[in-house]
Each structure stands twice: as C-alpha cells, then as structure tokens.
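Student: If you scroll down you'll find the structure; I have some questions about it.
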Amino acid sequence: MPAVSSPEAVASAVHAPLREATFLQDKFGRAITDLRLSVTDRCNYKCVYCRTGNDGEQYAELALDEYLRLARVFVSLGIAKLRLTGGEPLLRKDLVEMVRELAKLRTPTGEKLDIALTTNGHLLAELAQPLKDAGLNRITVSMDACDAATFARITRVPGSYERVLAGVRAAQAAGLAPVKVNAVLLRGFNDDQIERFAEFSRHENVIVRFIEFMPLEEDRVWTPEIVVPMREILERLGNIRPVVALPPNAASETARRYTFDDGIGEIGIIAPVSLPFCGHCSRIRLTSDGKIRTCLFSQMDHDLYGVMRRGGSDEELAAFIRKVVDQKEARHHIGEPGFQKPSRSMVHIGG
Ligand code: SAM
C-alpha cells in the first residue's frame with residue numbers, strides 16, 4: 001500500500017518538476033542566469049580594436065514591445081540579471097522607457113531584476129539620472145585611456161574623452177555608484193595607461209577593470225602579442241603600491257578584484273585569454289535582431305525572433321530558449337590551433 005503523504009509533500013512533488021523545468025541550465029550543469037540584451041548594433045564610436053573606420057553593415061533592431069515580450073519569457077526561465085548593451089545602447093531613443101518597463105518584471109521567486117548597462121558614455125551626462133530614475137541598478141562605462149589625445153585616437157571621435165568623463169561623473173552623482181570603467185588594453189597603443197587608470201580609480205572612486213583584448217574585432221588585427229596579459233598588468237600595478245586581492249562578489253564573477261595596501265581604489269582584471277572563466281559562465285546573449293548567442297565565440301546564431309515572427313506562443317519561445325541553452329559551448333578556443341573567429345564581430349553581438 002502506498003504511504004500517505006502530507007499536504008506539504010504533495011505540494012512539493014507537484015511543484016518539483018515545474019521548479020526543475022523553470023530554471024535554465026546547460027548540459028554541463030551551468031545555471032544560466034544572465035542575459036546580455038543588445039538593443040542596437042549602431043555605434044557612435046569606431047574604436048580601433050572593435051570596428052573598421054567605416055560605418056559598415058547594420059542589422060535589424062527589434063521594437064520595444066518585442067524586446068519586452070522576449071525579456072519576460074527569459075525572466076520566467078530564471079534570468080535574473082539583464083545587461084543592456086550594443087552597439088551603443090544610449091543611441092536608442094526608447095531606452096529609458098525600456099528600462100522602466102524591464103524594472104517592472106519579477107523573477108519566478110518574486111524578486112526584482114538586476115538591470116545593468118554597458119555604454120561608451122558619450123551621451124551619458126544627460127541620461128544618467130533618467131536611467132537611474134527608471135530603475136537602472138548598475139552601469140559600466142567603456143573608457144580606454146585617461147588622456148584626451150589617446151582616447152580620441154582610439155574612438156576616432158574628437159572631444160570624446162571630455163564627454164565620457166562627464167558621463168562617468170554624472171552617473172556617480174545620479175546614484176549609480178560605484179561606476180565601473182572598462183578598459184581594453186592593446187600593446188603599443190594604450191598599455192602606457194595602466195598607472196594612470198590606477199590613479200583614476202583612486203581619485204574618482206570608480207572601479208577600473210582591465211579587459212584582455214579578444215579576437216572579436218571587425219578588422220583582423222588580433223594577435224596574441226597585442227594582448228596585455230593579467231600577469232603583466234598586476235606587475236605594473238605592484239610598482240605603484242603593493243596590490244591586495246579582494247574576494248569575488250559572486251561565483252560567476254568574471255573579474256579578479258584587487259585594491260592597494262591602503263584600501264583606496266579597486267581594479268578588476270578580466271582575463272578571458274590568459275585565464276578563461278568559461279567553466280562558470282552564466283551568460284547568454286540576444287542580438288539586436290533577435291538571435292540568441294550562447295557564447296561570444298559561437299559559430300552560429302539561433303533565431304528566437306523567427307519563432308516570434310511566425311506567431312510562436314510564450315511556451316514555444318521558452319522551449320526554443322531551453323533547447324538553445326542546452327547547446328551552449330563548453331568553452332572558447334582563443335589562441336589554440338584551428339581557432340575560428342566567431343560568425344559576428346563584437347559590435348553586432350553585444351559585449
Ligand atoms: N558601446 C558600448 C560600450 O562601448 O561599452 C557597449 C558595447 S561594447 C561592444 C562592450 C564592451 O566590449 C566595451 O567595454 C568594449 O571595450 C568591449 N570590447 C569590444 N571589443 C572587444 C574585444 N575585441 N575584446 C575585448 N573587449 C572588447
């Protein structure tokens with residue numbers, strides 16, 4: 001005779017398969033909780049390590065209600081962190097409204113989303129406060145030099161340094177502190193900026209994060225020699241003052257965190273080339289034309305928008321997302337023999 005179950009056990013049994021089915025996990029057991037949403041692949045900068053000097057091709061952009069519907073389905077599957085990116089997300093006219101609507105979504109356990117934005121900062125001075133008011137939680141500003149001349153050489157836009165600096169300060173003032181500042185280091189181009197960035201972190205109270213250059217550019221300029229590896233960055237920082245490691249904020253954190261012996265300043269190093277973190281990757285990406293990418297270095301996209309365009313229900317969208325997540329690659333193969341560049345460059349993926 002079967003044992004008589006308590007009401008709690010029955011409830012748990014009824015809900016267990018649902019719970020299991022609710023959250024996204026790939027075949028390697030990695031929980032997928034972070035979605036990078038590219039809201040446009042247009043950009044007002046032409047950074048030398050990312051783009052050619054030309055305007056280039058542009059992919060389609062989903063409408064606001066299409067993004068919101070897809071975001072709602074992703075969130076119902078356990079996505080808890082959304083990062084809006086591009087292209088340059090601040091070029092999108094309805095961005096503040098998008099953030100306001102996304103901030104209304106709740107995870108299956110009833111929590112608010114963690115909504116972050118990555119921007120080049122060019123338009124940030126005017127938009128920082130409206131974005132904060134709309135519900136933006138965190139911001140990362142890309143800034144690849146701490147002096148105006150080097151900066152303009154990288155972005156290929158005169159006057160860009162002053163604008164980005166104003167944007168960083170406006171974001172701090174709007175309550176988006178601590179602002180993270182991302183710098184991609186290229187040997188022979190801006191690797192002389194490491195010490196200046198350390199000073200910048202200490203004086204401006206921002207978290208500076210150095211990112212190793214990855215082969216994701218439009219022009220084919222990447223070589224292993226151009227990458228400034230984590231080991232070298234740490235050595236250089238150590239010449240300023242003794243460097244002290246900080247604990248990670250989360251298991252899936254991509255940056256190794258450091259401060260100095262006086263506790264002033266914070267430097268992160270993101271080292272996908274010399275110290276890959278694929279084993280605890282929690283991310284997937286949606287491109288501005290509605291394709292899912294399971295890895296920056298994927299050789300193919302998965303057309304989620306196509307499912308929606310053909311009239312797919314939320315359940316069909318969710319089933320498609322699950323199937324795609326299951327195909328997430330184990331890791332990237334940067335620097336290995338036979339490495340193939342991804343099918344899209346960074347600006348068309350969403351970094
Ligand atoms: N326009 C926004 C910005 O500038 O932050 C968002 C998009 S941008 C593609 C996102 C980030 O990717 C930036 O911090 C940029 O420096 C970084 N990035 C672009 N190409 C890269 C590459 N080949 N390797 C490493 N990081 C790269």
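A short reminder: the numbers here are calculations on the coordinates, not readings from a lab. Everything numeric here is computed off the predicted structure, so don't read it as measured data. For neighbour counting, all protein chains shown are included, and Cβ atoms are generated from backbone atoms with ideal geometry for every residue, glycine included.
Student: Would you mind counting up the charge near ASP65? Only other residues with Cβ under 11 Å from its Cβ, with Lys and Arg at +1 and Asp and Glu at -1.
Tutor: Details: positive: ARG69, ARG72; negative: GLU66, ASP94, GLU97, GLU101.
Computed value for this residue: -2.
Student: Could you run the Karplus curve 6.51 cos²θ - 1.76 cosθ + 1.60 with θ = phi - 60° over region 259-275 and give me ³J(HN,Hα) per residue in whole Hz, x for Gly and Pro?
Tutor: 10, 9, 5, 9, x, 9, x, 9, 10, x, 10, 9, 10, x, 8, 8, 8
Student: Under 12 Å from a point 7 Å along the Cα-to-Cβ line of THR52: which residues of region 270-306 have their amide N that close?
Tutor: No residue qualifies, since no backbone N sits under 12 Å from the label point.
Student: Suppose a student asked you for the relative contact order of region 123-280, using Cα pairs under 8 Å spaced at least 6 residues apart; what percent would you report?
Tutor: Values: 254 pairs, mean separation 32.1, N = 158.
About 20 percent, as a whole number.
Student: At what distance in nm do the modelled label points of GLU329 and GLU232 sit from each other, each positioned 7 Å from its Cα along Cα→Cβ?
Tutor: Each label point lies 7 Å from its Cα, and together they span 2.4 nm.
Student: Sequence-distant or interchain residues sharing an amide H contact under 5 Å with ARG51, placed H: which?
Tutor: Correct list: GLU218.
Student: Name every cysteine in the chain that ends up alone, with no second cysteine's Cβ under 4.7 Å, or say none.
Tutor: CYS43, CYS146, CYS278, CYS281, CYS295
Student: Also, quick follow-up: To the nearest whole percent, what portion of all C-alpha pairs in region 203-321 is separated by more than 18 angstrom? Please list the in-between numbers first.
Tutor: Details: 4533 of 7021 pairs.
Tail fraction, whole percent: 65.
Student: Taking amide H positions as placed in the peptide plane 1.01 Å from N, state which residues far from GLN25 in sequence (5 or more) or on other chains have amide H under 5 Å from it.
Tutor: Close amide H contacts, sequence-distant or interchain: ILE32.
Student: Let me ask something else. Please give the length that would be gained between ASP219 and PHE23 if that part of the chain were fully extended, namely 0.36 nm times their separation in residues minus their C-alpha to C-alpha distance (nm, one decimal). Show your work: numbers first, answer last.
Tutor: Values: separation 196, 0.36 × 196 = 70.56 nm, distance 3.80 nm.
That works out to 66.8 nm of additional length.
Student: Return the long-range amide H neighbours of LEU117 (sequence gap of 5 or more, or a different chain), with a cut-off of under 5 Å between placed amide H atoms.
Tutor: LEU84, ARG138, ILE139, THR140
Student: With each label point set 7 Å from Cα along the Cα-Cβ vector, what nm distance links ARG169 and ASP147?
Tutor: Between ARG169 and ASP147, the label points sit 2.0 nm apart.
Student: Can you work out the PRE-style zone for LYS104? Point 7 Å along Cα to Cβ, and I want the residues of region 131-154 with backbone N under 18 Å.
Tutor: Answer for region 131-154: 131-137.
Student: Let me ask something else. What list of ³J(HN,Hα) values in whole Hz, one per residue of region 48-64 in order, does the Karplus curve 6.51 cos²θ - 1.76 cosθ + 1.60 (θ = phi - 60°) give from phi, with Gly and Pro shown as x?
Tutor: 4, 8, 10, 10, 6, x, 9, 5, x, 7, 10, 8, 5, 10, 5, 7, 3
Student: Residue by residue, what Karplus-based ³J(HN,Hα) values in Hz, rounded to whole numbers, does region 197-202 have, using 6.51, -1.76 and 1.60 with θ = phi - 60° and x for Gly and Pro?
Tutor: 5, 4, 5, 4, 4, 5
Student: Turning to a different aspect of this structure: DSSP loop (so not H, G, I, E, B), at most 13 other Cβ within 10 Å: list which trypsin sites (Lys or Arg not before Pro) in region 211-307 pass both filters.
Tutor: On the way: sites: ARG220, ARG231, ARG236, ARG256, ARG257, ARG283, ARG285, LYS291, ARG293; in loops: ARG220.
Those that pass, being in a loop and sparsely packed, are ARG220.
Student: Something else now. Over the chain, what is the relative contact order in whole percent, taking alpha-carbon pairs under 8 Å and six or more residues apart? Each step should come with its number before you reach the end.
Tutor: Working: 666 pairs, mean separation 70.8, N = 351.
This gives 20 percent for the chain.
Student: Continuing with this model, one more query. Please list, by residue number, every one of the GluC sites (Glu not before Pro) in region 44-92 that is coil in DSSP and has at most 13 other beta-carbon atoms within 10 Å. Spell out each step's value before the answer.
Tutor: Details: sites: GLU57, GLU61, GLU66; in loops: GLU57, GLU61.
Qualifying residues, ordered by number: GLU57.
Student: Further question: If contacts are Cα pairs under 8 angstrom and at least 6 residues apart, what is the relative contact order of region 79-134 in percent? It would help to have the intermediate numbers written out before the result.
Tutor: Values: 54 pairs, mean separation 26.9, N = 56.
Relative contact order of region 79-134: 48 percent.
Student: What's log10 of I(q)/I(0) for region 7-349 at q = 0.08, 0.12, 0.13 Å⁻¹, Debye sum over Cα points only, no solvent?
Tutor: -0.38, -0.88, -1.04
Student: Quick one: which of LYS81/LYS341; LYS93/LYS180; LYS104/LYS180; LYS27/LYS132; LYS104/LYS323; LYS46/LYS180 span more than 30 angstrom between C-alpha atoms? Numbers along the way, then the final one.
Tutor: Working: LYS81/LYS341 27 Å; LYS93/LYS180 24 Å; LYS104/LYS180 25 Å; LYS27/LYS132 37 Å; LYS104/LYS323 27 Å; LYS46/LYS180 21 Å.
Listed pairs above 30 Å: LYS27/LYS132.
Student: Next question, about the same structure. Size of the dipole of the chain about the Cα centre, Lys and Arg at +1 and Asp and Glu at -1 on the beta carbon, nothing else charged, in debye to 20? Please report the intermediate quantities before stating the final value.
Tutor: Working: 46 positive and 46 negative charges, 71 e Å.
It comes to approximately 340 debye.
Student: In addition: Given that compact globular proteins tend to follow 2.2 N^0.38 Å, what is the ratio of the alpha-carbon Rg of region 102-256 to that value?
Tutor: Values: Rg = 16.8 Å, N = 155, 2.2 N^0.38 = 15.0 Å.
My calculation over the Cα atoms of region 102-256 gives 1.12.
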